[in-house]
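Just below is one structure, and these are the notes that go with it.
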Amino acid sequence: MTFKEDAALAAARLDQYLADSGAGRERVIDQKPMAGIIETLNLEACIREGGLGGETLDRFVRDYLAHTTRLHHPGFFAHQVAPPAPLGSIGSLIDGATNNAMAIYEMGPAAAAIEHFMVNTILARIGWAPMPDQADRRLKTDHGGGVLTHGGSLANLTALLAARHALDPRVRNQGNPGDLTLMVPASSHYSVAKAAGIMGMGQAGLVHLPVDDLGRVVPDRLEQAWTEAVDKGKRVVAVVANACSTATGLYDPVDEMADFCREKGLWFHVDGAHGGCALFTPRHRDCLKGIGRADSMILDAHKMLRTPTVCAAVLVREARHLDMVFEETASYLFHEKVQPGFDFIQQTVECTKAGLGLRFFLSMAELGEKGLAAYIDATFDLALEAHGLISGQPDFTCACPPQSNILCFRFRGRDSNSRDKDQLAIRDRLIQEGKFYISSAEVGGKRWLRIVVLSPHSTLAHVEALLDSIRDIAGRL
Ligand SMILES: *Cc1c(COP(=O)(O)O)cnc(C)c1O
């Protein structure tokens, strides 16, 4: 079998898969025990014998797809990974076939050029000056910068490293001193705490920002929190905003936080892994008002920009901060050379790096700016309509009106006697039934059911059917 024939077989299977998933013809989730999957897929014999291809490949793809979680399914309301635009997945295929590890320009000029272009596309939406395309960009200082990373966690780490370098460049040689701190909302994504750990600041290096009942930063109380930290002898590496928060989908007040950080000369980092998508829709851009006055931001293209996993972006207002973080030596990589492009390698934790820009670009090129905005708007709209529907039911309650496509709600039961563990039991049963796949989160010390609207095939009728399923399950608990 040739590559072309094998690819055609896989493409035919995937085509059917996307159609079935979108129409909700199969279960959205079907978790079988791992050992059974390993056996069904005949993994051991396949690697022992080799030569998988043609008919055997076709069977393998069929069985593999039968054990996947279907992100395009209208009942998919779970975690924040969007069903990718089909053209984006062709980007992953091309990237896999060419394997251009583009962190140095000579290993992937097309991939590097596309990454450069996509980073500039985001910078333009933030309102930061684009990176120049010459290799001599280090001579210039007044432009933004950025890089694509394998995920938002790595992107947060990268941005926070840049922030620390900007505050105290001696850390690179001398290690982390004990007085550095990050000021973050307690509801920030756990990758921020993880980054603090990796950076040697530990959990003791985190100061929680003052928040309201729903975990949103209260700008009026920032001054006091900052004064307390300074009085304890702390130096603040960065103030972090959720835009939006993972659990509730609510945005911190970026504009006011930017004012505060400007006034105090503090680095302001905006975690827009999920909600940074608002940059791409005029209708919701206001959620990020003031973003231009931040110092850094991250954005996951694989969350709301319909790009296949993984593809995240780190953006900085002043490229020089990112340029200087990782000034390492490696004689086989870093030396004088003549080249017409740009090495991203000095900007990342990674060395070998996939051509992530291609899947991102092709996803956007399929949808177009208007198509992408329409997708984001539709998911935000449906969350709002779902809120209207659910809060009108006597046996349900919502945590708050949604600001994005994330909505937390609870089954209360007739007598409002539903407990936290009932919510988790409901979710478990829903998943076992396989018609709907939702997640769950803790907000304000309580356990909530959580939907994230992601599939373009989901409608309000699906949300209504979800409520019926929940009632049905609750009646049998
Ligand atoms: C998902 C998420 C992250 C982590 O991104 P990954 O791509 O999963 O590593 C960071 N911050 C927020 C707010 C998120 O929602």
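Put simply, of GLY151, GLY175 the only residue that is more than 16 Å from the ligand (Cβ to nearest atom) and on the phi > 0 side of the Ramachandran plot is GLY175.
Looking at ALA247, ALA241, ALA196, which one is touching a Pro at 6+ places or on another chain (Cβ under 8 Å), at pLDDT 95 or above, within 16 Å of the ligand (Cβ to nearest atom) and at negative phi? Going through ALA247, ALA241, ALA196 in turn, the sole match is ALA241.
Just checking, does segment 101-110 include any residue being in a helix (DSSP H, G or I), surrounded by 17 or more Cβ atoms within 10 Å (Cβ to Cβ) and touching a residue at least 24 places away in the same chain (Cβ under 8 Å)? Yes, the conditions are met somewhere in segment 101-110.
Quick grid of which residues meet (1) modelled with pLDDT under 95; (2) surrounded by fewer than 18 Cβ atoms within 10 Å (Cβ to Cβ):
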| site | (1), (2) |
| --- | --- |
| ASP286 | no, yes |
| ILE298 | no, no |
| ALA313 | no, no |
| THR329 | yes, yes |
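Condition (residue is surrounded by 14 or more Cβ atoms within 10 Å (Cβ to Cβ), of a type outside the set (S, T, N, Q) and assigned to a loop (DSSP other than H, G, I, E, B)) applied to segment 5-23: is it met by at least one residue? The answer is no; no qualifying residue exists. Considering only residues of segment 178-193 that are within 16 Å of the ligand (Cβ to nearest atom) and surrounded by fewer than 14 Cβ atoms within 10 Å (Cβ to Cβ), which is nearest to the chain's Cα centre (by Cα)? So the residue we want is TYR190. In segment 434-446, the condition of being in a helix (DSSP H, G or I), over 23 Å from the mean Cα position of the chain (by Cα) and more than 20 Å from SER187 (Cβ to Cβ) is met by no residue. All conditions but one from (1) part of a helix (DSSP H, G or I); (2) aliphatic (A, V, I, L, M); (3) crowded, with 20+ Cβ neighbours inside 10 Å apply to ALA465; the one that does not is (3). Taking segment 301-406 as the region of interest, the helices (runs of 4 or more DSSP H) fully inside it that hold 1 or more residues being among the aromatic types (Phe, Trp, Tyr) and in contact (Cβ under 8 Å) with a residue 12 or more places away in the chain are 356-391. Tell me, which residue of segment 194-229 that is touching a residue at least 40 places away in the same chain (Cβ under 8 Å) and out of contact with any helix residue (DSSP H, G or I) (no Cβ under 7 Å at 6 or more places or on another chain) is surrounded by the most Cβ atoms within 10 Å (Cβ to Cβ)? Taking the candidates together, the pick is GLY215.
The values are calculated or read from the model by the stated rules, or taken from the named source; none is laboratory data. As the structure is a computational prediction, the values presented were derived from the model and not from experiment. Every residue, glycine among them, receives a Cβ derived from its backbone with ideal geometry; neighbour counts consider all protein chains shown.
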